[in-house]
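Below is one structure, written out as structure tokens; comments come after it.
The values are calculated or read from the model by the stated rules, or taken from the named source; none is laboratory data. Nothing here was measured: the structure is a model prediction, and the numbers come from that model. Cβ sites come from the backbone with ideal geometry, for glycine too, and all protein chains shown count toward neighbours. Side chains are part of the model used for accessible areas, which takes the heavy atoms of the whole protein and leaves out ligands, DNA and RNA. Shrake-Rupley method; radii C 1.70, N 1.55, O 1.52, S 1.80 Å.
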Amino acid sequence: MNLWANLNQYRRRLLLLSPVLLLLFGGMVLPMTIMAVASLSGAADYGGVSWGKFSAAAYGQFLFERNFDDQLVFNSGYLLIFLRSFELATLTTLGCLILGFPTALFIALQPIQRRNTLLILVSIPFWTNLLVRIYAWIVLLRDGGNIEQVLHRLNLTTGPLGLMYTDTATAIGLLYAFLPFMILPIYASLERLDWRLVDAARDLGANSWHVLRRIIIPLALPGIISGCTLVFVPALGMYIIPNLLGGSKFLMIGNLIHLQFTNAHNWPLGAALSFVLLGLVLLGMLVRKVRFIKTKTRGQTHEYV
């Protein structure tokens, strides 16, 4: 007790925060440091990392490879996988926004008792493990699956759908998995919206489209930005869904990194690819931050969540 009383305010705060700081150091800083060192190390002869033998070759392998004459030539393989991942993550974000915004708006316009019920329905997928849900989609999308049987009975198709192990199946899985992450932040913004502004706009003669475009969407923008971030970043590095629905022919970044740590036994390249992905995500967040500062400078500050 006397020891605590003798500590100044700074040391008291530091002591109280020490469990959290230790958790952050052990769970984030230390692993990231090890991966950074691994990405700048040479590959061991039989897999793994040759610790203490520093080299930037793993980052060079992202764009270049050596041909039979031991010359560096451009290799677009990894770059194309990154571009495909960004394309699928962008399509997933747009799809979730198109489906999520009307859903969130519908929930926000309901009476409070019905809102709680609808929010529980939105959160029901979180009650089951993602792996189980994706296996359920395999049952639905495979040749001879439930969706194909329904389409055959409706005479809409006659042959196999051929959806499994394609980018379409991966996009469907990503859209399903991340849709709640778009609905909930937008709903949180719409719930705080002052609906008297909507009534005032209608009294002044604005139609539904103008009310949506000039009032509801701008005021819900913080939730839209948060939802897009929550969907885009995890979708970019998703591993389970592309692995189960996309197969080995349609890799995403997460699958590529996993292959380097397992089958290829090239840990430095896997770590380097991870940091390239991290750098691209941080660059996107930096661009967003710069735009926020410019908007704030012009006196049009929005409270981004």
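For the reader, a short list of remarks on this structure follows.
- Taking residues in region 144-173 that are in contact (Cβ under 8 Å) with a residue 12 or more places away in the chain, and partners anywhere that are small (Gly, Ala, Ser), the pairs with Cβ atoms closer than 6 Å and at least 6 places apart or on different chains are Leu163/Ala169; Tyr165/Gly247; Thr170/Gly246.
- Any hit, region 191-202, residues being open to solvent by 30 Å² or more (accessible area, probe 1.4 Å), among the aliphatic types (A, V, I, L, M) and touching a residue at least 12 places away in the same chain (Cβ under 8 Å): yes
- Residue count, region 45-74 (criterion: within 21 Å of Ile257 (Cα to Cα) and either touching a residue at least 12 places away in the same chain (Cβ under 8 Å) or open to solvent by 100 Å² or more (accessible area, probe 1.4 Å) (or both)): 18
- From the options His265, His258, His210, residue that is in contact (Cβ under 8 Å) with a residue 24 or more places away in the chain and open to solvent by 60 Å² or more (accessible area, probe 1.4 Å): His265
- Condition met for Val132 (modelled with pLDDT of 90 or more, assigned to a helix (DSSP H, G or I), under 21 Å from the mean Cα position of the chain (by Cα) and surrounded by fewer than 13 Cβ atoms within 10 Å (Cβ to Cβ)): yes
- From the list Leu94, Leu174, Leu88, Leu163, the one residue that fits, being within 30 Å of Leu280 (Cβ to Cβ), within 20 Å of the chain's Cα centre (by Cα) and open to solvent by 30 Å² or more (accessible area, probe 1.4 Å), is Leu94.
- Residue tally, condition on the phi > 0 side of the Ramachandran plot and out of contact with any strand residue (DSSP E or B) (no Cβ under 8 Å at 6 or more places or on another chain), over region 12-68: 2
- Qualifying residue in region 222-232 (condition: closer than 20 Å to Leu79 by Cβ and either crowded, with 22+ Cβ neighbours inside 10 Å or under 25 Å from the mean Cα position of the chain (by Cα) (or both)): yes
- Residue within region 33-42 that is under 20 Å from Ala264 (Cβ atoms) and open to solvent by 70 Å² or more (accessible area, probe 1.4 Å) present: yes
- Members of region 160-176 found to be in contact with a helix residue (DSSP H, G or I) (Cβ under 6 Å, 6 or more places away or on another chain) and among the small types (Gly, Ala, Ser), listed by number: Ala169, Ala171, Gly173
- Within region 136-159, tally of residues that are touching a helix residue (DSSP H, G or I) at 6+ places or on another chain (Cβ under 8 Å) and exposed (fewer than 13 other Cβ atoms within 10 Å of the Cβ): 4
- Evaluation of Ile124 against the conditions (1) among the β-branched types (Val, Ile, Thr); (2) open to solvent by 60 Å² or more (accessible area, probe 1.4 Å); (3) modelled with pLDDT of 90 or more shows that the sole unmet condition is (3).
- Region 233-255 - residue that is modelled with pLDDT under 90 and among the small types (Gly, Ala, Ser) and, of those, surrounded by the most Cβ atoms within 10 Å (Cβ to Cβ): Gly246
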